[in-house]
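Chemist: Structure provided below as structure tokens; questions to follow.
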Amino acid sequence: MKYKIASKEEIKEIYNTYMKSDFPPLELKPLKAIEYSVEKGWYKVYIGYDEKGIKGYACIADCGEKIGFLDYFAIVKEYRGTGFGTEFFSELGRFTGFDCIVLETESIESAKNEEEDFTRRRRIAFYKRSGCVDTGCMYNVFGVEYNVLINRDVELTEEFMAKLLSAYEYAYAAILRRDDK
């Protein structure tokens, strides 16, 4: 498997071909916002691919201090369940250069029905199998309740948690920012 940073053209292709169907409309940022953040250097889209094409993608905001915020992560439908997602996720730290990647999953407690509960449990189980640790922190962003996880097991000291909170808040500021003031 190979990995690279997506070009502007590839970002448009990923957004229009995959992201629109992989994520609910309310969770999906406008393409222009993603392009703007990429242009400013706050955000990158990484691709996992082989000779057959794109197999998955990860959108990560750079929070500084070698911490990344995983904004979107998905595997192309025909490659789901093949082990590629586990491989791709486990390689993120290496090929992105981040020491720690922060991510969020919708809380199980706020699921509205059995289908949402199942999907959320499956997603959390995937990240935990991939070595993620639940920080015990929860965020409510635009009315959606999230659990905050990190991609490696570290001691969750007060100092680390303050750094994590700062990175998380920076990521949202960078992702949602519309100018560089």
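Chemist: Looking at region 1-28, I want the residues that are assigned to a strand (DSSP E or B) and have a partner that is of a type outside the set (A, V, I, L, M) with Cβ atoms under 7 Å, at least 6 apart or on another chain. Which pairs are those?
Modeler: Lys2/Tyr49; Lys2/Asp50; Tyr3/Tyr46; Tyr3/Gly48; Tyr3/Glu91; Tyr3/Phe95; Ile5/Lys44; Ile5/Tyr46
Chemist: A further question on this structure: Listed residues Gly64, Gly93; which is in contact (Cβ under 8 Å) with a residue 60 or more places away in the chain, among the small types (Gly, Ala, Ser) and closer than 27 Å to Lys40 by Cβ?
Modeler: Gly64
Chemist: Continuing with this model, one more query. Scanning region 146-165 for residues that are free of Cβ contacts under 8 Å to residues at least 60 places away in the same chain and assigned to a helix (DSSP H, G or I), which turns out nearest to Arg94 (Cα to Cα)?
Modeler: Of everything passing the filter in region 146-165, Phe160 is nearest to Arg94 (Cα to Cα).
Per-residue answers, yes or no, for (1) open to solvent by 30 Å² or more (accessible area, probe 1.4 Å); (2) closer than 26 Å to Lys32 by Cα:
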residue	(1), (2)
Val76	no, yes
Thr82	yes, no
Thr96	no, yes
Thr105	no, yes
Arg122	yes, no
Phe142	yes, yes
Tyr146	no, yes
Asn151	yes, no
Met161	yes, no
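Chemist: Another question about this same structure. Within region 31-74, how many residues turn out to be in a helix (DSSP H, G or I) and crowded, with 21+ Cβ neighbours inside 10 Å?
Modeler: 2
Chemist: Keeping to region 84-94, report how many residues are open to solvent by 30 Å² or more (accessible area, probe 1.4 Å) and either at pLDDT below 90 or closer than 21 Å to Gly136 by Cβ (or both).
Modeler: Number satisfying all stated conditions: 1.
Chemist: Tell me which residues, restricted to region 75-84, are free of Cβ contacts under 8 Å to residues at least 24 places away in the same chain and assigned to a loop (DSSP other than H, G, I, E, B).
Modeler: Arg80, Gly81, Thr82, Gly83 - these are the residues of region 75-84 that are free of Cβ contacts under 8 Å to residues at least 24 places away in the same chain and assigned to a loop (DSSP other than H, G, I, E, B).
Chemist: May I pose another question? Going through region 107-118 one residue at a time, which ones are surrounded by 13 or more Cβ atoms within 10 Å (Cβ to Cβ) and either touching a Pro at 6+ places or on another chain (Cβ under 8 Å) or within 22 Å of Arg80 (Cβ to Cβ) (or both)?
Modeler: Result: Ile108, Ala111, Glu116, Asp117.
The values are calculated or read from the model by the stated rules, or taken from the named source; none is laboratory data. Computed from a predicted structure; not experimentally measured. Neighbour counts run over all protein chains shown; Cβ positions are idealised from the backbone, glycine included. Surface areas here come from the heavy atoms of the whole protein model, side chains and all, with no ligands, DNA or RNA. Shrake-Rupley method; radii C 1.70, N 1.55, O 1.52, S 1.80 Å.
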